[in-house]
1. State the number of residues belonging to the stretch 64-102 that are of a type in the set (A, V, I, L, M, F, W, C), touching a residue at least 40 places away in the same chain (Cβ under 8 Å) and closer than 17 Å to His5 by Cα.
2. So how many residues does the stretch 58-76 have that are under 11 Å from the mean Cα position of the chain (by Cα) and either buried (at least 22 other Cβ atoms within 10 Å of the Cβ) or at pLDDT below 90 (or both)?
3. Report, by residue number, each residue of the stretch 1-39 that is assigned to a loop (DSSP other than H, G, I, E, B) and over 20 Å from Thr88 (Cα atoms).
4. Within the bounds of the stretch 150-160, is there any residue that is touching a Phe, Trp or Tyr at 6+ places or on another chain (Cβ under 8 Å), farther than 24 Å from Asp68 by Cβ and either at pLDDT 95 or above or surrounded by fewer than 17 Cβ atoms within 10 Å (Cβ to Cβ) (or both)?
5. Confirm whether Leu123 is surrounded by fewer than 21 Cβ atoms within 10 Å (Cβ to Cβ) and at pLDDT below 90.
6. Restrict the check to the stretch 9-25 and report whether at least one residue is among the hydrophobic types (A, V, I, L, M, F, W, C), touching a strand residue (DSSP E or B) at 6+ places or on another chain (Cβ under 8 Å) and free of Cβ contacts under 8 Å to residues at least 12 places away in the same chain.
7. Considering only the stretch 182-208, state which residues are without any contact (Cβ under 8 Å) to a residue 60 or more places away in the chain and under 17 Å from Met156 (Cβ atoms).
8. Quick check on the stretch 39-52. Is at least one of its residues at pLDDT 90 or above and in contact with a Cys (Cβ under 9 Å, 6 or more places away or on another chain)?
Amino acid sequence: MLLAHSELVELELHAMVCVAGEVSTHVWFPVEGFVSIILPVPSAADMAIAQVGPEGMFHTSVVLDVEDSAFHARVQAAGRAFRLPRKTLQQHLQQSSCLREVLNRYADARLSQLAQQAVCINLHSVVQRLARALLTTRDRISSNELFLTHEVFSRMLGVRRESVTQAATAFQRRGLISYSRGYVMLLNEAALHSIACGCYQADLHTYERAFPDAKFLAERRPEAAVFSL
């Protein structure tokens, strides 16, 4: 029903799809690639606090009936997305209790993940958080090849780029990844699972609680990664 009122558009790499403080005229449901949800930080580098790929939508502010968003949305991996006018989605939300339930569940999952992110930044090492970031990125693009720079990962982790380089170098020496500028290949997912902090699994459990039948989850359990080696 929603597809009839949406259009399939290209999300171009590095495009700023939404800007904090502005009223978004559309919502997006990615089919490929992913978008970073970014918190603007005055007098400091902006911080990526969440990722949205084919498992989700942005912005949830529309679902919550908030006029403007507190976050930017920047395309980090190009792909296609269904774009739907904001007013059209709001009309369907009023008419369909099923749609309201699904998107409310997603909004709740996003809030849980933001809380998990705050815990992760305060409690876990850069090495643990980089392993988590590599896995979550792989999940959203469904590929072991990640075309992202250390600068992007530094914003995802909230640390200096040099700290990301040190952690990535340690992973490469152990044969877990191979990387060059703007490119990372995951070579040993099972080992990355063992290094990543518990926040990675907590994120998956959050989706499982909200969407127990989601295919996105079943293929991303640690035992699945071990089996594929």
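The values are calculated or read from the model by the stated rules, or taken from the named source; none is laboratory data. All figures in this text were calculated on a predicted structure; none of them were measured in a lab. A quick note on method: Cβ atoms are made from the backbone with ideal geometry, for glycine too, and the neighbour counts reach across all protein chains shown.
1. Result for the stretch 64-102: 5.
2. Residues flagged as under 11 Å from the mean Cα position of the chain (by Cα) and either buried (at least 22 other Cβ atoms within 10 Å of the Cβ) or at pLDDT below 90 (or both) within the stretch 58-76 amount to 3.
3. Going residue by residue through the stretch 1-39, those that are assigned to a loop (DSSP other than H, G, I, E, B) are 1-2, 6, 12-15, 19-22, 24-25, 31-33.
Correct list: Glu12, Leu13, His14, Ala15, Val19, Ala20, Gly21, Glu32, Gly33.
4. If we filter the stretch 150-160 for residues that are touching a Phe, Trp or Tyr at 6+ places or on another chain (Cβ under 8 Å), which is where we start, we get none.
No, there is no match, as no residue in the stretch 150-160 is touching a Phe, Trp or Tyr at 6+ places or on another chain (Cβ under 8 Å), farther than 24 Å from Asp68 by Cβ and either at pLDDT 95 or above or surrounded by fewer than 17 Cβ atoms within 10 Å (Cβ to Cβ) (or both).
5. Values: surrounded by fewer than 21 Cβ atoms within 10 Å (Cβ to Cβ): yes; at pLDDT below 90: no.
The answer is no for Leu123.
6. Applying the first criterion (among the hydrophobic types (A, V, I, L, M, F, W, C)) to the stretch 9-25 yields 9, 11, 13, 15-20, 23.
Narrowing the set further to residues that are touching a strand residue (DSSP E or B) at 6+ places or on another chain (Cβ under 8 Å) leaves 9, 11, 13, 15-20, 23.
Next, from what is left, pick out any that are free of Cβ contacts under 8 Å to residues at least 12 places away in the same chain: none.
No; the residues of the stretch 9-25 include none that is among the hydrophobic types (A, V, I, L, M, F, W, C), touching a strand residue (DSSP E or B) at 6+ places or on another chain (Cβ under 8 Å) and free of Cβ contacts under 8 Å to residues at least 12 places away in the same chain.
7. If the condition is that a residue be without any contact (Cβ under 8 Å) to a residue 60 or more places away in the chain and under 17 Å from Met156 (Cβ atoms), then Gly182, Tyr183, Val184, Leu186 are the ones that fit.
8. no
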